[in-house]
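The values are calculated or read from the model by the stated rules, or taken from the named source; none is laboratory data. Fair warning: this is a prediction, and the values are worked out from it, not measured in the lab. Please note: Cβ atoms are built from the backbone with ideal geometry, for glycine as well, and neighbour counts cover all protein chains shown. To get the accessible areas, we keep the full protein, side chains included, count just its heavy atoms, and leave off ligands, DNA and RNA. Shrake-Rupley method; radii C 1.70, N 1.55, O 1.52, S 1.80 Å.
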Amino acid sequence: MYPIVVAAKSQSSRVPRKNFREFYHGKSLVDLTLDLVHSCELTDQVILSTDESNYSSVHPFTYHQRSASLATKDTPILDVLNNIIECYNLYSRKYIILLQPTSPFRTSSHLTDFFKAIAYYDELHPSSPFSLFSVYQVEDAHPARMYHIESKRLVPLDPQLAELQCQFLPSVYHRNGAFYCFSIDSILAGKLYTDLQYPF
C-alpha cells in the first residue's frame, strides 16, 4: 500500500478558503477528496497536510500540521512532501500518492485504476523509480499556437510547428492535476519527477 497525501492550504491567493469552503451539497473540496479516498480502501495511511486548524471529517485521517513556511503560495510541494516523509517516517515506503482537492471530478474507478497503473509499472520496473501522473491530450491550446513577446513582437514557442495545419501537429499532453505518484527516494534526493515518467 502507498500513503496518500491530500495537500490543502487553508488560504488561496485567488479564491478565499478555496479548499475548505462549501463546494457541493454542503461539502468542501477536502471533504470530497477524503470521501473518494475512503470509498476505495486502497491505502492504510491518509495524510491531510494543511495549516487549517479547525477541520474535522467523518473519515479517519492523519493530520499533518503545516508550519507557516510550508503554507505560502510560493512553497514548493517538494518541501511539503519532504516534511511529511520525515514526520511520519515514510523512508521505507516506495511511492507516495498526492491528491490535490482542486480536482473534484475524480471517481473511485479512476483512483482504483490509478493504483493498478502504479502496480503495473512497479512490476515492469521494480528497480527503477518512476513518476506517474494524470494527463489529457491538448487540442485547441496546442503549443504550436502559442507565442511569447519580445520587444512587443510575437515569437512562436516552436517556429517549426507554427505553420502546420492542426491535423499534422504532433500529439502533446498536459498535466491535469488529478493524480500524482512520486518516488520517495527521488523526493529525498531533491527531485519531484524522476527521469522515467508515465501517463495516466
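Taking region 8-28 as the range and being small (Gly, Ala, Ser) and open to solvent by 90 Å² or more (accessible area, probe 1.4 Å) as the test, only 13 passes. When you check residue 42 against the structure, is it within 18 Å of the chain's Cα centre (by Cα), at pLDDT 95 or above and closer than 30 Å to residue 113 by Cα, yes or no? Spelling it out, it is not the case that residue 42 is within 18 Å of the chain's Cα centre (by Cα), at pLDDT 95 or above and closer than 30 Å to residue 113 by Cα. Pairing residues of region 160-181 that are open to solvent by 90 Å² or more (accessible area, probe 1.4 Å) with residues that are part of a loop (DSSP other than H, G, I, E, B), at Cβ distances under 9 Å and at least 6 apart in sequence or on separate chains, gives 166/139; 166/140; 166/142; 168/161; 173/138; 174/138; 174/141.
Kindly indicate whether any position in region 137-150 is in contact with a Gly (Cβ under 6 Å, 6 or more places away or on another chain) and of a type outside the set (Phe, Trp, Tyr). No - not one qualifying residue is present in region 137-150.
In region 84-132, what residues are surrounded by fewer than 17 Cβ atoms within 10 Å (Cβ to Cβ) and touching a His at 6+ places or on another chain (Cβ under 8 Å)? Answer for region 84-132, where residues must be surrounded by fewer than 17 Cβ atoms within 10 Å (Cβ to Cβ) and touching a His at 6+ places or on another chain (Cβ under 8 Å): 87, 88.
Here are some residues: 106, 21, 93. Which one is among the basic types (Lys, Arg) and more than 25 Å from residue 132 (Cβ to Cβ)? One residue alone meets the criteria, 21. Whether a residue is at pLDDT below 95 and closer than 14 Å to residue 4 by Cα was assessed, and residue 105 does not pass this test. Filtered by the rule that a residue be part of a loop (DSSP other than H, G, I, E, B), open to solvent by 50 Å² or more (accessible area, probe 1.4 Å) and not hydroxyl-bearing (Ser, Thr, Tyr), region 52-68 gives 54, 58, 60, 61.
Conditions tested, residue by residue: (1) over 14 Å from the mean Cα position of the chain (by Cα); (2) at pLDDT below 95; (3) farther than 29 Å from residue 33 by Cβ; (4) of a type in the set (Gly, Ala, Ser).
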site	(1), (2), (3), (4)
133	no, no, no, no
143	yes, yes, yes, no
158	yes, yes, yes, no
169	yes, yes, yes, no
174	no, no, no, no
184	yes, no, no, no
192	no, no, no, no
200	no, no, no, no
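Restricting attention to region 76-90, the residues being touching a helix residue (DSSP H, G or I) at 6+ places or on another chain (Cβ under 7 Å) and either in a helix (DSSP H, G or I) or under 15 Å from residue 190 (Cβ atoms) (or both) number 7. Among residues of region 88-116 that are in contact (Cβ under 8 Å) with a residue 12 or more places away in the chain, those with a beta-carbon under 6 Å from a residue that is among the aromatic types (Phe, Trp, Tyr) and open to solvent by 60 Å² or more (accessible area, probe 1.4 Å) at least six positions away or on a different chain give the pairs 114/200. Scanning region 29-51 for residues that are out of contact with any Leu (no Cβ under 9 Å at 6 or more places or on another chain) and assigned to a loop (DSSP other than H, G, I, E, B), we see that the one that is most open to solvent (accessible area, probe 1.4 Å) is 41.
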